[in-house]
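Data first, discussion second: the structure below is written as structure tokens.
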Amino acid sequence: MFEALKQLPADPILQLMQAFREDTRPNKVDLGIGVYKDDAGNTPIMASVHEAERRLLEGETTKSYVGPAGAAGFNESMARLILGESSDLIRDGRVSVIQTPGGCGALRMAAEFFRLCQPDTKVWVSTPTWANHIPLLGGAGLDICEYPYLNRQTLTVDFQAMLDTLEGAEAGDVVLLHGCCHNPSGADLTFEQWRAVTELIQRKGLLPFVDMAYQGLGEGLEEDAAGLRYLASQVPEMVIAASCSKNFGLYRERTGALMLISATAAINQAATSQLLSVVRSHYSMPPAHGAAIVETILGDDVLRANWQGELNAMCERILGLRHAFADALAPAGDFGFIARQRGMFSFLGIPPEQVRQLREEHGIYMLESSRVNVAGLNARVLPQVASAIRGLI
Ligand code: LMR
């Protein structure tokens, strides 16, 4: 049965991660896969996560099944984290959250759910978007359509082109938006642009689907959710996929959440029952550990404050690196957009040959598209990286 299968090319992000691991040069620099790194170049376990794990280990009494929706406490905490402590939507019973295996699990379960609601669902994704959005959504059988998002010359949002294309979407189509820290460009919508896209979504009867993978790493937990919350307050239905990989540093624990917002509490209950049957027929139930950590942190005032402090420090550090990087590249041109963008990623705007040259000659790893993970920089490597890039331009 297997002999007809052709060798597939490796996933570009994961392949780059592997190539970096295998590179034996001591001065190599990883600006590839999106993981946060500290000043020493490590991806540490947050102290609040360590403390939550210690408590869990001491207090855990069973490894029995959690159920397809995962832990209720985690789900409630995530709803409040994303929509805000005083959300009317939560109060009115219009929101349900299920725990998923990472943000990827949330995206895929959402896609399977859309197909269940409407077998020929079209989903509109930004060009560019995170490379894994396409297989996650398309693999569930959804029709993928693209809307232009980034002006390749200025590396800023081409909002008019985005709106013009979405005018062509039809009622019932799904529109995928990045909640904050657009991956791969770092170019986010302004609040005014969120208002305008909300108006379009309402007028055309589209279903908004927001990927919230970096809450807290752009400008702050509340600031990063402002556009999403406005949109949620205006539309009858919305779907949100969230990840705890980056803001809790739980990458390998595969911790995420999928939120359904419905027009009424009764519709929400029925929709959630369908979603849970989708989960049951895919992976049955999510893994427990990461979500238990998040629940422990968000449910304890002191731990939560500590976590928020750690997250704010990560966010500040990325913002500082963005400014320092743009300044260090300034002699080679205007890289001010890097300082204005948010989250882990920005494009350098250099061609693939130069990306390869940086990797082969200098041991500097970034995606072929020239996407860099700014969080991979630090005081030691930033001058080395900037000088290598300046040397090319
Ligand atoms: C990235 O974009 O690098 C991250 O989201 C990690 C991944 O799984 O691709």
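The values are calculated or read from the model by the stated rules, or taken from the named source; none is laboratory data. These numbers were taken from a predicted model, which means no experiment stands behind them. Methodologically, a virtual Cβ is constructed for each residue, glycine included, from the backbone with ideal geometry; neighbour enumeration extends over all protein chains shown.
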Filter result for L176 (among the aliphatic types (A, V, I, L, M), touching a helix residue (DSSP H, G or I) at 6+ places or on another chain (Cβ under 7 Å) and within 16 Å of the ligand (Cβ to nearest atom)): yes
Report yes if some residue within segment 192-207 is assigned to a strand (DSSP E or B), away from the ligand (no atom under 16 Å from the Cβ) and crowded, with 18+ Cβ neighbours inside 10 Å; otherwise report no. yes
Among the residues of segment 32-68, what is the count of those that are part of a loop (DSSP other than H, G, I, E, B) and either within 30 Å of M344 (Cα to Cα) or in contact with an Asp or Glu (Cβ under 8 Å, 6 or more places away or on another chain) (or both)? 15
Give the residues of segment 123-144 that are crowded, with 18+ Cβ neighbours inside 10 Å and more than 16 Å from the ligand (Cβ to nearest atom), sorted by residue number. V123, W124, A140, L142
Tally time: how many residues in segment 183-197 are farther than 19 Å from Q215 by Cβ and not acidic (D, E)? 2
With respect to G336, is the statement that it is touching a helix residue (DSSP H, G or I) at 6+ places or on another chain (Cβ under 6 Å) and farther than 30 Å from L57 by Cα true? yes
Quick check on segment 1-29: of everything there that is more than 11 Å from the ligand (Cβ to nearest atom) and in contact (Cβ under 8 Å) with a residue 24 or more places away in the chain, which residue is nearest to N378 (Cα to Cα)? V29
Check R356 against each of (1) more than 16 Å from the ligand (Cβ to nearest atom); (2) touching a Cys at 6+ places or on another chain (Cβ under 6 Å); (3) of a type in the set (K, R) and name the one condition it does not meet. (2)
Going by the conditions given, is Q384 away from the ligand (no atom under 16 Å from the Cβ), more than 25 Å from N42 (Cβ to Cβ) and part of a helix (DSSP H, G or I)? no
Looking for something under 25 Å from F345 (Cα atoms), charged (D, E, K, R), at pLDDT 95 or above and within 16 Å of the ligand (Cβ to nearest atom) - is there at least one such residue anywhere in segment 94-109? yes
Go through (1) outside any helix (DSSP H, G or I); (2) in contact (Cβ under 8 Å) with a residue 40 or more places away in the chain and name the single condition D334 misses. (2)
